[in-house]
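Notes for the one structure printed next.
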Amino acid sequence: MNITFLINRVKCKLKKKWFSLKDKIIQYLKGKDINLKEEFIIKYLDKDHPITEEDEYKHEIADTYPIYHNESWYFNCMDFKSNVHIITRLSYNAGDGTSDILLVLVIDGKIKLYLNRAIIKGMPDTWGDKRLTYECLIPLKKWRITFDDRKFHLDVVSEGRFPVFTYSSDEDPSKIFEEFGYEILDVATQMHYEQSMRVTGTLKIKKTDELRKINGLGHRDHSWGTRDWVGIDGWNWICAQFEDKVLNLTKTKVFGKFLEIGFISSADKVIPIRSVDIETKYGFKGEPRAPISSTFHIKTDDDEFDLVATTEHAIRLVRPTDKGISEIWEQIVKFDLKGEKGEGISEYLSSVKDE
């Protein structure tokens, strides 16, 4: 029997399973007066749906959005040579019509935080605000980020080192619903892709007229779907940048259960991460909840190894909601992988629900 025929037959069976699952999802959401567009649900379920250039931009996937629907664009850059590190995020919260705009600059160990919440009617047509702007120069390849206030002027370009990686390409949604139930749709169900970047540009320090050249490794992700911050018990997320590869993984706790997914990406291949166990030492600069170091025990299909993160800078971010509070420790870290040195982000989130 022809192998192509067999592959197509398997795909056909999978698609029938996904369409059956799609109908169950639609019925569950209708019971909550939520009507997502079918193409969004199909794209989430079907691994054969590739990310396209159109996916770089906002997604209008419903007429009325779930209260915890969120679309997010996140970028970072670590440059230890210039001693400048950048973390920034633009997000749209469809349920309450707000847009959160965040920039963290770490300059010579000092933290500069810019945070703005804008009220928007409908999906946002602008990228950022008057001070912080984002521009997609080449979809799936290149972005420009600028920031200007009375102290600093930042202008950087973030360009993809490797192709984007879609998280859903290596997960089976049917198993997720079996494990967590359809209630996961109320808390954390998203389309989500990530990409390793090279970031170049300048930071001007206006007080001294100093111009620092930025040339560092970075990362970005784009997600859209449900994100109930406090409904998520917690997560660990890392992006570990090395010259020839990036390790990206998340271990998320929802309803007391863990969801683990990740990948190792390079110019020519992607290796899925199957599981991760984490050991953490806390107490960075006397803060009991800030990690000093973390050891990630990682398993792939063919390998098992440790990745060690040592904190250089720790930024505490707090997100209160009507249901409680989420605390995020965003750590700029140096990584060690079998003696190979890297850098990036190690992020810890924990939530406390109101009683």
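Against the conditions (1) over 20 Å from L217 (Cβ atoms); (2) at pLDDT 95 or above; (3) in contact with a helix residue (DSSP H, G or I) (Cβ under 8 Å, 6 or more places away or on another chain), where does F305 fall short? Just the number, please.
It is condition (3) that F305 fails.
Just give me the residues in the range 43-54 being surrounded by fewer than 16 Cβ atoms within 10 Å (Cβ to Cβ) and at pLDDT below 85, in sequence order.
Residues satisfying the conditions are D48, P50.
What tally of residues in the range 23-39 results from selecting those that are surrounded by 16 or more Cβ atoms within 10 Å (Cβ to Cβ) and modelled with pLDDT under 85? If you could, list the steps in order and put the result at the bottom.
Of the range 23-39, the ones surrounded by 16 or more Cβ atoms within 10 Å (Cβ to Cβ) are 25, 28-29, 34, 36.
Applying the additional criterion that residues be modelled with pLDDT under 85 yields 34, 36.
Total meeting the criteria: 2.
How about the range 214-229: which of its residues are closer than 22 Å to I345 by Cβ and outside any strand (DSSP E or B)?
Taking the range 214-229 and keeping what is closer than 22 Å to I345 by Cβ, we get 214-225, 227, 229.
Result: W229, single match.
Results for (1) of a type outside the set (S, T, Y); (2) at pLDDT 90 or above, shown as yes or no for each residue.
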site	(1), (2)
T64	no, no
S72	no, yes
G97	yes, no
I107	yes, yes
I138	yes, yes
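Residue by residue through the range 171-213, note down the ones that are surrounded by 13 or more Cβ atoms within 10 Å (Cβ to Cβ), of a type in the set (D, E, K, R) and not in a helix (DSSP H, G or I).
E171, D172, E194, R198, K204, R212
For the range 339-354, does any single residue satisfy the condition of being surrounded by 17 or more Cβ atoms within 10 Å (Cβ to Cβ), aromatic (F, W, Y), touching a helix residue (DSSP H, G or I) at 6+ places or on another chain (Cβ under 9 Å) and assigned to a strand (DSSP E or B)? Don't jump to the end; show me each part of the working.
Applying the first criterion (surrounded by 17 or more Cβ atoms within 10 Å (Cβ to Cβ)) to the range 339-354 yields 342-349, 351.
Then drop every residue that is not aromatic (F, W, Y), which leaves 348.
Narrowing further to those that are touching a helix residue (DSSP H, G or I) at 6+ places or on another chain (Cβ under 9 Å): none.
No, because not a single residue in the range 339-354 is surrounded by 17 or more Cβ atoms within 10 Å (Cβ to Cβ), aromatic (F, W, Y), touching a helix residue (DSSP H, G or I) at 6+ places or on another chain (Cβ under 9 Å) and assigned to a strand (DSSP E or B).
Out of the residues in the range 55-70 that are in a loop (DSSP other than H, G, I, E, B) and free of Cβ contacts under 8 Å to residues at least 60 places away in the same chain, state the one that is surrounded by the most Cβ atoms within 10 Å (Cβ to Cβ). Reasoning before the result, please.
If we filter the range 55-70 for residues that are in a loop (DSSP other than H, G, I, E, B), which is where we start, we get 57-61, 63-68.
Those left that are additionally free of Cβ contacts under 8 Å to residues at least 60 places away in the same chain: 63-65, 67.
On the way: D63: 9, T64: 11, Y65: 22, I67: 14.
Only one residue fits best here, namely Y65.
Of the residues in the range 284-329, how many are on the phi > 0 side of the Ramachandran plot and assigned to a strand (DSSP E or B)?
Quick first cut of the range 284-329, residues on the phi > 0 side of the Ramachandran plot only: 285-286, 324.
Narrowing further to those that are assigned to a strand (DSSP E or B): 324.
The qualifying residues number 1.
Out of A240, A290, which single residue is touching a helix residue (DSSP H, G or I) at 6+ places or on another chain (Cβ under 9 Å) and aliphatic (A, V, I, L, M)? If you could, list the steps in order and put the result at the bottom.
Values: A240 fails: touching a helix residue (DSSP H, G or I) at 6+ places or on another chain (Cβ under 9 Å).
Within the list A240, A290, the selection yields A290.
The values are calculated or read from the model by the stated rules, or taken from the named source; none is laboratory data. All values reported here derive from a predicted model rather than from experimental measurement. A quick note on method: Cβ atoms are made from the backbone with ideal geometry, for glycine too, and the neighbour counts reach across all protein chains shown.
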